[in-house]
1. Taking the mean number of other Cβ atoms within 10 Å as a proxy for protection, how do you rank 76-85, 99-108 from highest to lowest?
2. Tilt of helix 55-79 relative to the longest C-alpha principal axis of the chain, in degrees (0 to 90, nearest 10)?
3. Just want to confirm a number: the relative contact order over the chain, from Cα pairs under 8 angstrom separated by 6+ residues, in percent.
4. Mind giving me the nanometre distance, one decimal, between the label points for residue 127 and residue 199, set 7 Å out from Cα along Cα→Cβ?
5. How far is it, in nm, from the label point at residue 101 to the one at residue 135 when both lie 7 Å from their Cα along the line to the Cβ?
6. Between residue 83 and residue 54, what FRET efficiency follows from the Cβ-Cβ distance if R0 is 41 Å, with the result rounded to 0.05?
7. For residue 35 and residue 67, what is the calculated FRET efficiency with R₀ set at 22 Å and r taken between the beta-carbons, to the nearest 0.05?
8. Per the Kirkwood formula on distinct C-alpha pairs, the Rh of region 1-52 is how many angstrom?
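What follows is calculated from the coordinates using simple rules that are stated; it is not laboratory data. Note that the structure is predicted; figures quoted are calculated from it, not measured. We place every Cβ from the backbone using ideal geometry, glycine too, and count neighbours over all the protein chains shown.
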């Protein structure tokens, strides 16, 4: 890239990714400006487009980094599970905890940052993002779906189920009258029911 050494390009790209993660987590998609990101790494706003096509493409790149981290963490968690059913339970617990405690995913799902991504990101960028998501979690999904007792046969369908379940965290904000203990009990019941339902009797 003209004007930057390879080391400088790497530094700027990683700096934009880190700044984007912090800004999107704290303020969300709409309130984060490209100038906020470029100021963090000391480049002109116009230079941003030498690294990313749009703010949305940066957001997708950050999500890919998050998914890679999650895939690595999940690998370690599932290694300790004694059987397939325990793996599924552990995966659901990890998945929901990540959604509820990671501010980036909270913004994405609860505060609907996913909408501008689907409206404004390129179709090719979105397709590449979801392809990468499937690739990262496919080894686990394939191992589960290959089991005779598992009800879902298609790894892509299983990954789609996890995507769909992500939106259950939105509902938690509407049940404040239940109290934290009631929500925790409901959460445990949901996870147990989901895991049990994925296995044939």
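1. Taking the mean over residues of other Cβ atoms within 10 Å, the ranking is 99-108, 76-85.
2. Its long axis makes an angle of about 40 degrees.
3. Rounded, it is 22 percent for the chain.
4. Result: 3.9 nm between the two label points.
5. According to this spin-label approximation, the distance is 2.9 nm.
6. Details: r = 45 Å, r/R0 = 1.09.
Using R0 = 41 Å, I get an efficiency of 0.35.
7. Working: r = 27 Å, r/R0 = 1.25.
It comes out at approximately 0.20.
8. Working: mean 1/r = 0.0896 Å⁻¹.
One over the average 1/r among Cα pairs gives 11.2 Å for region 1-52.
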